[in-house]
Amino acid sequence: MLKPILLSTPHMGDRELEFIQEAFTTNWIAPVGPHVDAFEQEFCQAVGAEHAAAVSSGTAALHLALRLIGVSPGDDVFCSTLTFVATANPIVYLGANPVFIDSDRTSWNMDPDLLEAALQQRDRQGKLPKAVVLVHLYGQSADLDPILQLCRHYDIPLVEDAAESLGATYKGRSPGTFGQVGIYSFNGNKIITTSGGGMLVSDDPALVSQARFLATQARDPAPHYQHSQIGYNYRLSNVLSGIGRGQLQVLNDRVAARRRNFEFYHQALGDLPGITFMPEADYGQSTRWLTCLTIQPDRFGCDREQVRLMLAEQQIESRPVWKPLHLQPIFANCESRGGEVAEALFKQGLCLPSGSNLQEADLHRVVQAIIRLYDRTGVNQLRV
């Protein structure tokens, strides 16, 4: 029976268990403790942020970020459309309205020109958004300089969703540290994981302090349980923070491994007609969290879905790129700007197995399966 090759699995090292054992030995199990404090400090050092709050998920971090910058019922929030639904859900949690902005072809991230046009129109109407939520997609930073310039010009807070891009760079800095608030995810499929978890970062110490307060049920400083604000049970536990500390120590190794995966795929498949890999923008370095490509069926001989199903038959997991949020049923009534680029990427885009713990034999198996399918289409007789 074939061994399954999964899309992106957790990759544990040696130190995680030591930190977990320390938490058990000292009985620091609850969502407080020295590993939480240390993880926040070490994470700040890793990404170049001033302050951080460790929370239960990237979604929780984004929810807190939007609340802390004042997003309220009825507000509009501009948001990348080519992303996972968790980017937009917290906007709706707060009773606000997501407005979706299409991607550019250079980075697959939010198109700065389209954002500018949307902001100009809204300014003329006197209806500027409350915030811009910018996603750094599939391990690659968006083009931050023009987007930051626009947000500053219109005095709109920028929230960076760097859930997929820990370890990437934009002009030598970490995406997620440019806006008013940045968020990261440590879900099980991410570059590093705490099984579930996230981080909120900001250069504003008061904002991060308030994030920690809200994340621990907004308990007032009183000897009894007193609450003057609605809070959340969002704090990351000491045990999971220990896992995060161990994972953080091998972040650079994990990035290097995923980039090697990409180079393997690119070298083996890059000359196949109809195959185009997600580009790497020249302003930074992508982590290649997932290796993504597009398939033109008229040149390759079959479409993205046929390739995905063929791989699934051979116990190889692959996935379409994100379905744009403006096409999702739950956001059918939301405003969107553009959409053609994201729709085309969704129609043709496929994510290949990309875990940092993949073996070379696994990569060969994926590549050979795709080439065999290409050979059967009769479009060309290319061999590896």
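The values are calculated or read from the model by the stated rules, or taken from the named source; none is laboratory data. Note that the structure is a prediction, hence the values are computed from the model and not measured. Here the Cβ positions follow ideal geometry from the backbone for every residue, glycine too, while neighbour counts run over all protein chains shown.
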Looking at the range 46-97, which of its residues are among the β-branched types (Val, Ile, Thr) and either in a helix (DSSP H, G or I) or more than 25 Å from PRO329 (Cα to Cα) (or both)? VAL47, VAL55, THR59, ILE69, VAL85, THR87, ILE91, VAL92
Would you be able to say whether some residue in the range 128-139 is over 16 Å from the mean Cα position of the chain (by Cα), charged (D, E, K, R) and either at negative phi or crowded, with 19+ Cβ neighbours inside 10 Å (or both)? yes
Please verify whether the range 168-187 includes one or more residues that are touching an Asp or Glu at 6+ places or on another chain (Cβ under 9 Å), in a helix (DSSP H, G or I) and under 20 Å from LEU251 (Cα atoms). no
Which of (1) over 22 Å from the mean Cα position of the chain (by Cα); (2) under 26 Å from LEU200 (Cα atoms); (3) aliphatic (A, V, I, L, M); (4) surrounded by fewer than 19 Cβ atoms within 10 Å (Cβ to Cβ) is the odd one out, the single condition MET12 does not satisfy? (1)
In this structure, is VAL77 surrounded by 20 or more Cβ atoms within 10 Å (Cβ to Cβ) and over 17 Å from the mean Cα position of the chain (by Cα)? yes
Test: residue in the range 108-116 that is in contact with a strand residue (DSSP E or B) (Cβ under 9 Å, 6 or more places away or on another chain), in a strand (DSSP E or B) and in contact (Cβ under 8 Å) with a residue 12 or more places away in the chain: yes
Return the pairs, sorted by first residue and then second, in which the second residue is surrounded by 10 or more Cβ atoms within 10 Å (Cβ to Cβ) and β-branched (Val, Ile, Thr), the first residue lies in the range 117-128 and is under 11 Å from TYR154 (Cα atoms), the beta carbons are less than 9 Å apart, and the residues are 6+ apart or on different chains. LEU119/VAL132; LEU119/ILE156; ARG122/VAL99; LEU128/ILE156
Look at PRO175 and say whether it is within 22 Å of ALA38 (Cα to Cα) and modelled with pLDDT of 95 or more. yes
Taking the range 157-182 as the search range and keeping residues that are of a type outside the set (Ser, Thr, Tyr) and surrounded by fewer than 20 Cβ atoms within 10 Å (Cβ to Cβ), which one is farthest from GLU50 (Cα to Cα)? LYS171
Does the range 364-376 include one or more residues that are at pLDDT below 95 and under 21 Å from GLN306 (Cβ atoms)? yes
